[in-house]
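Structure record follows, encoded as structure tokens.
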Amino acid sequence: MRDSTAVKDVSLTTITKAYEKWAPFYDKVYHKMLQPSQLKAVRAAMENGNRVLEVGVGSGLALGYYPPEAEVTGIDLSKPMLHKAEEKIAAQGLKNITGLAVMDACRLGFRDGTFDAVAGMFMITLVPDAEAALDEFMRVLRPGGEIVLVNHIGAEKGPMAAFETVVAPLAKKLGWRANFPLQRLRDWAASRGFEVHDVDPHGPIHYFTLIRLKDRRAERAPLAA
Ligand SMILES: C[S@@+](CC[C@H](N)C(=O)[O-])C[C@H]1O[C@@H](n2cnc3c(N)ncnc32)[C@H](O)[C@@H]1O
């Protein structure tokens, strides 16, 4: 397993420590709860082609959902979570997972335009500089590719928004982040020439949302005179 997390960032250490604790029982808690969202994200990513980068792949809960023709690379900050993913690949005999690596989503060790889609499931709200991560996803995406995210997105107003603000420090300690507005993703997309072409709230009380960001830079670029 490759490890390119050379920079020891304090916030990254918090995440790494949190997921070291989560790794032994993460699957038991989240398998059923996250499955419908992960299936949606995998299907959306595969609409763009076979080469998928799954960022924050964690224990690999979604790896078994990719079709045989997929060529999936998974990266994550947490070695213990990736070890769980390795165990799944071996146990399920998954031939379509081309590699796993310890890597920060904001410093991806891949060439420009390597992937047809970048999928981030339940991870983008954990990245302190989410826009920097999105810029990296954009860099490693081929022109016209897609960033597929699925997450709990913070409520923008009302009692739920107030509650999420109050519990934010506790959520951070647990390796979660409750108050992340959708507008951040919309603003990033608008500033980079991406289209927010699907926002799909789903699951119990619409707690999770699938967000698809399509690269439209080529279509929006002004024509040369
Ligand atoms: C809630 S888990 C989700 C795991 C998996 N995507 C799933 O759907 O089950 C979040 C994962 O994101 C990883 N993560 C958080 N910040 C990251 C970063 N900056 N770069 C890479 N992985 C990160 C964590 O280590 C953890 O494994």
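Read-outs: derived from the displayed coordinates by stated rules, not from any lab. Bear in mind the structure is a predicted one, so any value in this text is a computation, not a measurement. Ideal geometry is used to build each Cβ from the backbone, glycine not excepted, and the neighbour counts take in all protein chains shown.
Here are a few things to note about the model shown:
- Annotated for region 2-218: lysine pairs at least 8 residues apart or interchain, Cα distance under 13 Å, count 8.
- Protection proxy ranking, peptides 212-221, 114-123, 142-151, 95-104, average beta carbon neighbours within 10 Å, highest first: 114-123, 142-151, 95-104, 212-221
- Amide H contacts of Arg216 (H built 1.01 Å from N, under 5 Å, at least 5 apart or other chain): Phe194, Glu195
- Counting only DSSP beta bridges with both residues in region 2-218, the antiparallel share comes to about 40 percent.
- Amide hydrogen neighbours beyond the local backbone of Met123, cut-off 5 Å, H modeled: Val150
- Fully extended contour minus Cα-Cα distance, from Thr165 to Ser191, at 0.36 nm per residue: 6.7 nm
- The chain: calculated mean residue ellipticity at 222 nm from DSSP helix runs of at least 4, using -39500 (n - 2.57): -12500 deg cm²/dmol
- Taking GluC sites (Glu not before Pro) across region 32-115, the ones in a DSSP loop with at most 15 further Cβ atoms lying within 10 angstrom of their Cβ are Glu47, Glu69.
- HN-Hα J in Hz across region 21-30 - Karplus 6.51, -1.76, 1.60, θ = phi - 60°, x for Gly and Pro: 6, 5, 3, x, 10, 4, 4, 4, 6, 9
- Region 36-154: C-alpha gyration tensor shape, a/c 1.5 cut-off, then a/b vs b/c: rounded
- Computed over the Cα atoms of the chain, pair by distinct pair, the Kirkwood hydrodynamic radius stands at 17.8 angstrom.
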